[in-house]
Amino acid sequence: MKTSEIIVIGGGAAGLTAGIFAAEKSKSVTILERARQPGRKILMSGGTRCNVLPVRATLDDYFTDSSRNRLKNIFKSWSVQQCHSWFEQSLGLEMACEEESNKWFPVSNSAREVRDRLVAAFEKAGGQLHCNASVESIHHDGDAWICTTADQQTYRSPKLIIATGGLSIPTTGTDGTGHSIIQRLGHSLHPTFPALTPLKGKHPGTEPLPGVSMQVSLSVRSKSNGKHLFTSNRKGFVFTHQGYSGPAVLDISHFITKNSAIKDNDVEIRVNWLDRDADWWMEQFQGKHSVKPLLRKYLPKRLTDNLLEEASIGDKKTAELNKKEKQHLLNLLTNYPLPCKGHLGYSKAEVTGGGVPLDEINPATMESKILPGLYLCGEILDVFGRIGGFNFYWAWVSGRLAGQSTTDN
Ligand SMILES: Cc1cc2nc3c(=O)[nH]c(=O)nc-3n(C[C@H](O)[C@H](O)[C@H](O)COP(=O)(O)OP(=O)(O)OC[C@H]3O[C@@H](n4cnc5c(N)ncnc54)[C@H](O)[C@@H]3O)c2cc1C
């Protein structure tokens, strides 16, 4: 049996950060990572550029069914600015801000550099990284935690950090083993669902539109009472072979995935194809324009043609549209009901919604309230953020707090 003062299960973003902060104060910290190499999601993040952080973050950028007050307290422990300085000054990662999207990327545009600098910092602080170590069970023997791996190796430590991530992209190593283990130990789970995942559904008109992209505004509303629930912060939208993707779609996808997970199909998505309101379109309709060229000035040609096909407007002039036709066209342009019929699930989801409730941990330390000496951080907890570096920020903040707390007496 191998012993360590602190064991971290999972060498992803949260686990590596927890390991670094724990190893700064403890002589023996071991990370057990089931994959052949750590941080595989970091490597694939941001189109392999890794969007390390947002420029700023507020609680509204995050979703949880747990207490938002707890979430606020965890974030208060490390601001985006402090986290940014840590990356630049302690890890030596130079970052550049992408102004139009308010995101920080490494100057090298290399996700590998981010991952490698985290691993180097952990090893420099004296930490031991064991890859190909898939933890299958954990128990407590009265004094310490005993972790058993798939190849029957055992590891013993008084303090244990669980950073096994969520369920998204299972081929990277996150298949939910961590969730089963933590449940067997006595924790509960808020229902999990894929988040930031592409949606499935029909395209407007009869000709499919894969590859057609535009800047839109998406809003989510309740089907039963019409109540407005959410408007996407991001605008990018693209038609795919199976439906729809792009930052705007990913950002609202959890309304669909969560509702299908709880078998409540009460939400619908409305699209404003140009993010302009009906009054603006009415101004463009003034005068004697042919509808098709007018719309093609602002919208992709193929989308224009399909929308006009749906509206059965053909080659009419704006002045020839009667009141009903005008209203129908305005609705198609600004309030189009997206016929969404499902989603691509965990195989394409960037993150997992749901997880261990924050109410079951101490937000000042990330220690379990049910299992003293056991800490949780990262995506295994019931928190996810919108697209834009918010998910890594959660991993870095919660990982640091868990790592530091294991060495506080
Ligand atoms: C394609 C893609 C792009 C993304 N891009 C961005 C981005 O640009 N910016 C952003 O903020 N977020 C991005 N994300 C989200 C971000 O990657 C996650 O939020 C983050 O990785 C979560 O960190 P984590 O450490 O909690 O989990 P993970 O990074 O998933 O790490 C968990 C680790 O635990 C290991 N593990 C699991 N079970 C066991 C076990 N039983 N024993 C041992 N080890 C185990 C896994 O192998 C894995 O290495 C992206 C995600 C994806 C999939």
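Bear in mind that the values in this text are calculations on the coordinates, not laboratory data. All values derive from a computational prediction rather than experimental measurement. We place every Cβ from the backbone using ideal geometry, glycine too, and count neighbours over all the protein chains shown.
Please build a GNM for the chain, connecting alpha carbons under 10 Å apart, and tell me which residue among Ser85, Ser224, Ser188 fluctuates the most. Fluctuation is largest for Ser224.
What is the magnitude of the charge dipole of the chain about its Cα centre, with +1 placed on the Cβ of each Lys and Arg, -1 on the Cβ of each Asp and Glu, and no other charges, expressed in debye to the nearest 20? Write down the numbers at each step before the final one.
Numbers: 48 positive and 41 negative charges, 182 e Å.
Approximately 880 debye in magnitude.
Mean projected area of the Cα convex hull of the range 259-360, taken over all directions, amounts to 9.7 nm².
In terms of its alpha-carbon gyration tensor, the range 18-58 comes out oblate; a/c meets the 1.5 threshold, while b/c is at least as large as a/b.
Across all Cα atoms of the chain, the radius of gyration (one decimal) and Dmax (whole number) stand at 24.2, 83 Å.
For Asn132 and Met1, compute 0.36 nm times the residue count separating them, minus their Cα-Cα distance, and round to one decimal in nm. Before the final figure, lay out each step's value.
Numbers: separation 131, 0.36 × 131 = 47.16 nm, distance 1.67 nm.
Value of the extension gain: 45.5 nm.
Averaging the Cα positions of each part gives two centres, and for the range 1-26 and the range 100-134 these lie 14 Å apart.
Taking N as the number of residues in the range 160-312, what value does Rg over Cα atoms divided by 2.2 N^0.38 Å take? It would help to have the intermediate numbers written out before the result.
Details: Rg = 20.0 Å, N = 153, 2.2 N^0.38 = 14.9 Å.
Dividing the Cα Rg of the range 160-312 by 2.2 N^0.38 Å gives 1.35.
By the scheme Lys and Arg +1, Asp and Glu -1, what is the net charge of all other residues having a beta-carbon under 14 Å from that of Ala57?
+4
Shown is the FRET efficiency for Arg68 and Asn362, computed with R0 = 22 Å from the Cβ-Cβ distance and rounded to the nearest 0.05: 0.85.
For the range 198-342, what is the charge dipole size about the Cα centre, in debye to the nearest 20, if Lys and Arg each add +1 at the Cβ and Asp and Glu each add -1 at the Cβ? Numbers along the way, then the final one.
Details: 23 positive and 15 negative charges, 7 e Å.
Around 40 debye, computed over the range 198-342.
Can you list the residues of the range 200-220 with backbone N under 15 Å from a point 7 Å past the Cα of Glu310, pointing along Cα to Cβ? Only 200-210, 212-214, 216-219 fall inside the zone, counting backbone N under 15 Å. Does the range 368-409 come out rounded, prolate or oblate by the C-alpha gyration tensor, with a ≥ b ≥ c the root eigenvalues, rounded set by a/c under 1.5 and, if not, prolate when a/b is larger than b/c and oblate if not? Oblate shape, in that a/c is at least 1.5 and b/c is the bigger or equal ratio.
The shape of the range 34-94 comes out oblate: with a ≥ b ≥ c from the C-alpha gyration tensor, a/c is at least 1.5 while a/b does not beat b/c. For the pair the range 29-74 / the range 319-363, the C-alpha centres are spaced 24 Å from each other.
I need the trypsin sites (Lys or Arg not before Pro) found in the range 256-334, filtered to DSSP loop residues with at most 14 other beta carbons within 10 Å of theirs. The partial results should precede the final answer.
Details: sites: Lys258, Lys263, Arg270, Arg276, Lys288, Arg296, Lys297, Lys301, Arg302, Lys316, Lys317, Lys323, Lys324, Lys326; in loops: Lys263, Arg276, Lys288, Lys316.
In loop regions of the range 256-334 (DSSP not H, G, I, E or B), the sparsely surrounded trypsin sites (Lys or Arg not before Pro) are Lys263, Lys288.
What longest region of the chain stays clear of GluC sites (Glu not before Pro) that DSSP places outside H, G, I, E and B and that have at most 12 other Cβ atoms within 10 Å? The longest such stretch corresponds to 101-409.
Among the listed pairs Lys159/Lys348; Lys200/Lys258; Lys72/Lys235; Lys2/Lys27; Lys202/Lys326, which have their C-alpha atoms separated by more than 22 angstrom in this model? Could the numbers behind the result be given before it?
Details: Lys159/Lys348 34 Å; Lys200/Lys258 15 Å; Lys72/Lys235 27 Å; Lys2/Lys27 15 Å; Lys202/Lys326 24 Å.
As for pairs spanning more than 22 Å Cα to Cα, those are Lys159/Lys348; Lys72/Lys235; Lys202/Lys326.
Computed over the Cα atoms of the range 4-78, the ratio of the radius of gyration to the Kirkwood radius (Rg/Rh) comes to 1.03.
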